[in-house]
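Data first, discussion second: the structure below is written as structure tokens.
The values are calculated or read from the model by the stated rules, or taken from the named source; none is laboratory data. On a predicted model such as this, the values are computed, not experimentally measured, just so you know. With ideal geometry, Cβ positions are generated from the backbone for all residues, glycine too; neighbour counts draw on all protein chains shown. Remember, those area values only see protein heavy atoms, side chains included, never the ligands or the DNA or RNA. Shrake-Rupley method; radii C 1.70, N 1.55, O 1.52, S 1.80 Å.
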Amino acid sequence: MTVLAIENLNVVFATEGGDLHALRDVSFKVPEQRIVGIVGESGCGKSTLINAILGLLAENGRIASGSISFEGEDLAHLDDKAIQDLRGPRLSTVFQDPMGALNPVISVGRQMRNIQYRSDLARAEKDARSIDMLRQVRIPDAAQALKRYPHEFSGGMKQRIAIAMALMMEPALLIADEPTTALDATLEVTTIELLKDLQAEIGCSVLFISHHLGVIAELCDDVVVMYAGEVVERGSTRQVFGNPSHPYTARLLDCDPARQSERTRQLPTIPGELPDLRRRPEGCIFAARCDRRMDVCAAIPPDIEVVPGHVARCFLAESQ
Amino acid sequence: MYAAASDPKRARLAAVQRLLREPLGVFGVTLVVLMLFGAIFADWLSIYEPNKISPRDRFQGPSWDHLLGTDQLGRDLFSRVLHGGRIALSVALFSTLASLVIGIVLGLIAGYGPRWLDNLMLLFFDSIKSFPTVMLALALVTLFGPSLTAVVIVVVLVNVPGYARIIRTQTLALKESEFVTAALSMGASTPRILRVHVMPNVVGPLLILASMDIPVVIAIEAGMSFLGLGVRPPTPSWGAILNDGFTAIRDTPWIVLAGGLPIIITTLGFTFLGETLRDVFDPRLKGRG
Amino acid sequence: MTAILEVKYLEVTFRVGPMMRRQDLLGVAGVSFDVNPGETFALVGESGSGKTTLARAVNGLQPISAGSVTFQGQRVDTLSVREMKPLRRDMAMMFQDPVGSLSPRMKVGDLVTEAFRIHRVEADLQSETERLLSLVGLTMDFAERFPHQLSGGQARRVGVARAIALNPKLVIADEPTAGLDVSVQGEVLNLLGELRERLGLAMLIITHNLHVVHHVADRMAVMYLGRFVETGPTEEVFSAPAHPYTAALLSANPEPDPDKAQDRITLPSEVPSLLARPEGCEFHTRCPWAKDKCRKVVPDATAINGRRVACHYPLDEGARPPPKKEPS
């Protein structure tokens, strides 16, 4: 079963310089119990996508067409109140800054109890669940931790508490937006491992947004590569990273300094700039920066299925 | 998100356009322009000498000869109102400008200088602020005698602590910013840092607040002149006209109206203008102040 | 060859806490290193390691509590702001935030030539703007732009142009790739490498990103809680890290390859507070190899294969993977 299915989603922002087509024909699925990664650089539309899913688009933004179906309901046509009711119990979030989820003046224990307001458990039972959850995210001395306030924890611990709170109600889908970006490398890997363990245990799906290719490779089953508001390639992580079929994916992978195990003075780059989304190019969105551009690229390329489940929006992609 | 990020000139132009789209803003601009016009061309527009006493024409009601009537000395009120507007507006603009300059300089020093100086200056600001305006005015008048200078000093003393505090707070924040540290590491002197890197980034919000303070200043000038602490007779001032009319309010109410209406119109005009400016330039301040 | 920058036993102390319970916190705890002309030296560490504080202390932006900083043979930590000013022509610094380190109401043209104005250097500013912008690969169109109209990569290039305006001898770069996309990071690093060769710059790079270091630095130092745990030539540190912390850092950078076996060194606990430094080896609380001696005796930095390593039991090549142990 599919938890989240996004189909031909188009998001437009009204700006003073004209309409800005922030997302164009975005489609992908998050199947049950899978971790799907969204990777892309700044300006690729990652945050717009999440905001669209959560019904948090800015005032000047609107979903022009397409659907976001979550457990059978179309979020694109749901009112804010209804989306709010889904958020929390079925659909939860973790953001880059854990303090967005934690209230600085309420103790961690009370915040965790507040999340369980829908449950009929007694107070002590709720606290027991909180302690259990904190243990799972490896907060030392979990029982004591309930009495403490967010600022008494380090950055890594705060993020782990935020994760614990997000997973407390066993949601169907966790949206994690760059949750490890602000953490040091050594903490980043432990947080990822933890997320992986918890996902397996709870059996939820995760939509994991990151610009860090290594983290995506490590954590995600499937990956969606975005560029300038379009999904240029998607498929299983192994397929996409092993056989990148869109030039952008290939170049992005080349750029990751971790790939250069040999010391080099000249690091690979992708010259050029993102296109102005107010005047979206007619054809392939990546054409202006692509070193394999052809004449046909003046038209929008079709989504070509390389192998079942692995799709690239490029004329060069070949079905195998 | 995705706001139009263009250069400041274009942004300013867009802001003016937005200002002219707000009905309240247009109303404010119209009132202010009207008052400024009257004050600037007071000599031209008034048929009579504002201080010319004409005992024969005492207490005349509004007529085609005297649009707003005359006062107890037979002076033409329309001429006096126009000339009074000149005083009200020049006092308001001059003292606001003076408060701005002093406030900015003191604020920059307090915000950027050493901690002890900051504390000392804050103490100074708070002590001034704790004086009620009227007491301050009375004290200054006993020192200097009733005059426009006294009015300006009162206004400056009333405004400066607030302005300086605003500048100080922002300067404190910018002091730690990376671009100021970067300038320091290049060897920039303190005056250069304050002039080039700090000041341009802190004065914007203050200018908008100051424009909203102009009506307050006009009220202070009128109030002091009403009490006889401001301009000295026979110089025309809206406050003085109000006072003249006050004694004879039952028989000749037009004198009070002649003094009061311009005060109301001008304060309203500046308030509308200031509030719309604030909303247009800095939406974050909306609903405050 | 005499070093252009010599840092000896440098300490930086911060006073923290409320008035009655002031505590001294050692941000940088006695580090020594030098940078030779034309050389790139990298300081690597995670947040709280004191690397930025160290860079600021070298640049004279942060008072030091012990030790010395010598730049071009002259002791600089004792100089007043005024005495330091002429030296700042030769020692430029780049700051972390590409856009935030540029004054928001100045145009790019004025930003890149600011050093000329500060040091009252007679020059044709128009042609200098052109020269500097073309050096960092930007066209003259950019001279009229404001910082908020630049992308991260462009803003970083402007930062580089500002730093090299007066042909400094040493450039201190604090996280030169922070906030940049991977496709742009390479550009900036390539640019720095190119300028270094063309202008003969010495560079001190501060970063948390080991991959950056690998490609640009000649020598490197790994910092933990304000101390150097390992110093040495970059190639050697990368091929065979001797300190467990260096090894953990190296293994903590996941590669974008799902099939790659990751024999990772996971550090179980969090970084200790600088106010409660662990006894013995300060890394022992997180070290998978820690033994009794590590908990009691402070290790001295010892020379191993041209490196200096502060560890009782430095790793030999092939000492990985670490002993598996369940995190408590």
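Remarks
- Residue count for the stretch A:45-65, restricted to those that are over 19 Å from the mean Cα position of the chain (by Cα) and crowded, with 18+ Cβ neighbours inside 10 Å: 1
- Residues of the stretch A:132-143 satisfying the condition of being within 25 Å of residue A:97 (Cβ to Cβ) and assigned to a helix (DSSP H, G or I): A:133, A:134, A:135, A:136, A:142
- Any chance residue A:316 is assigned to a loop (DSSP other than H, G, I, E, B), surrounded by fewer than 21 Cβ atoms within 10 Å (Cβ to Cβ), touching a residue at least 24 places away in the same chain (Cβ under 8 Å) and in contact with a helix residue (DSSP H, G or I) (Cβ under 8 Å, 6 or more places away or on another chain): yes
- Flag: residue B:38 does not match the condition of being of a type outside the set (Phe, Trp, Tyr), in contact with a Leu (Cβ under 8 Å, 6 or more places away or on another chain), modelled with pLDDT of 75 or more and within 30 Å of residue A:19 (Cα to Cα).
- When the stretch B:169-200 is filtered for residues that are over 22 Å from residue C:89 (Cβ atoms), of a type outside the set (A, V, I, L, M, F, W, C), within 14 Å of another protein chain (Cβ to nearest Cβ) and open to solvent by 30 Å² or more (accessible area, probe 1.4 Å), the ones remaining, listed by number, are B:170, B:175, B:176, B:200.
- Verdict on residue C:185 being of a type in the set (S, T, N, Q), under 20 Å from residue A:274 (Cβ atoms) and within 12 Å of chain A (Cβ to nearest Cβ): yes
- Selection from the stretch A:179-235 of residues that are of a type in the set (D, E, K, R) and surrounded by fewer than 20 Cβ atoms within 10 Å (Cβ to Cβ): A:193, A:196, A:197, A:201, A:221
- Per-region count, the stretch A:285-310, residues within 24 Å of the chain's Cα centre (by Cα) and either farther than 14 Å from residue A:25 by Cα or open to solvent by less than 20 Å² (accessible area, probe 1.4 Å) (or both): 9
- So residue B:260, is it out of contact with any Phe, Trp or Tyr (no Cβ under 6 Å at 6 or more places or on another chain), over 30 Å from residue C:115 (Cα atoms) and without any contact (Cβ under 8 Å) to a residue 40 or more places away in the chain: yes
- For the stretch A:116-155, the set of residues classified as over 18 Å from residue A:195 (Cα atoms), surrounded by fewer than 18 Cβ atoms within 10 Å (Cβ to Cβ) and acidic (Asp, Glu) consists of A:120, A:125, A:141, A:152, listed by residue number.
- Unmet criterion (only one of (1) surrounded by fewer than 16 Cβ atoms within 10 Å (Cβ to Cβ); (2) under 21 Å from residue B:265 (Cβ atoms)) for residue B:80: (1)
- Of residues in the stretch B:110-132 being among the hydrophobic types (A, V, I, L, M, F, W, C) and at pLDDT below 90, the one most open to solvent (accessible area, probe 1.4 Å): B:131
- Residue under evaluation residue A:233, criteria (1) within 13 Å of chain C (Cβ to nearest Cβ); (2) farther than 25 Å from residue A:97 by Cβ, criterion not met: (1)
- Odd one out for residue C:265, checked against (1) part of a loop (DSSP other than H, G, I, E, B); (2) under 30 Å from residue C:15 (Cβ atoms); (3) aliphatic (A, V, I, L, M): (2)
- Within the stretch B:39-62, considering residues that are touching a residue at least 60 places away in the same chain (Cβ under 8 Å) and under 30 Å from the mean Cα position of the chain (by Cα), the one surrounded by the fewest Cβ atoms within 10 Å (Cβ to Cβ): B:51
- If you filter the stretch B:133-157 down to residues that are polar (S, T, N, Q) and open to solvent by 50 Å² or more (accessible area, probe 1.4 Å), you find that the one that is nearest to residue B:231 (Cα to Cα) is B:149.
- Boolean, residue B:209 is within 12 Å of chain C (Cβ to nearest Cβ), open to solvent by 20 Å² or more (accessible area, probe 1.4 Å), out of contact with any Cys (no Cβ under 8 Å at 6 or more places or on another chain) and within 30 Å of residue C:106 (Cβ to Cβ): no
- Selected residue [closer than 30 Å to residue C:69 by Cβ and away from chain B (no Cβ under 12 Å)] from C:121, C:160: C:160
- Residues of the stretch A:150-198 classified as more than 10 Å from chain C (Cβ to nearest Cβ), among the polar types (S, T, N, Q) and in a loop (DSSP other than H, G, I, E, B), total: 2
Residues are listed down the side, and each one gets a yes or a no for (1) free of Cβ contacts under 8 Å to residues at least 12 places away in the same chain; (2) hydroxyl-bearing (Ser, Thr, Tyr); (3) touching a Ser or Thr at 6+ places or on another chain (Cβ under 8 Å):
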{"residue": "C:133", "(1), (2), (3)": "no, no, yes"}
{"residue": "C:150", "(1), (2), (3)": "no, no, no"}
{"residue": "C:161", "(1), (2), (3)": "no, no, no"}
{"residue": "C:167", "(1), (2), (3)": "no, no, no"}
{"residue": "C:177", "(1), (2), (3)": "no, yes, yes"}
{"residue": "C:192", "(1), (2), (3)": "no, no, no"}
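- Tally, over the stretch C:242-262, of residues that are open to solvent by 10 Å² or more (accessible area, probe 1.4 Å) and either more than 12 Å from chain A (Cβ to nearest Cβ) or farther than 17 Å from residue A:186 by Cα (or both): 5
- Among the residues of the stretch B:224-239, those identified as under 18 Å from residue B:52 (Cα atoms) and open to solvent by 20 Å² or more (accessible area, probe 1.4 Å) are B:232, B:233, B:234, B:235.
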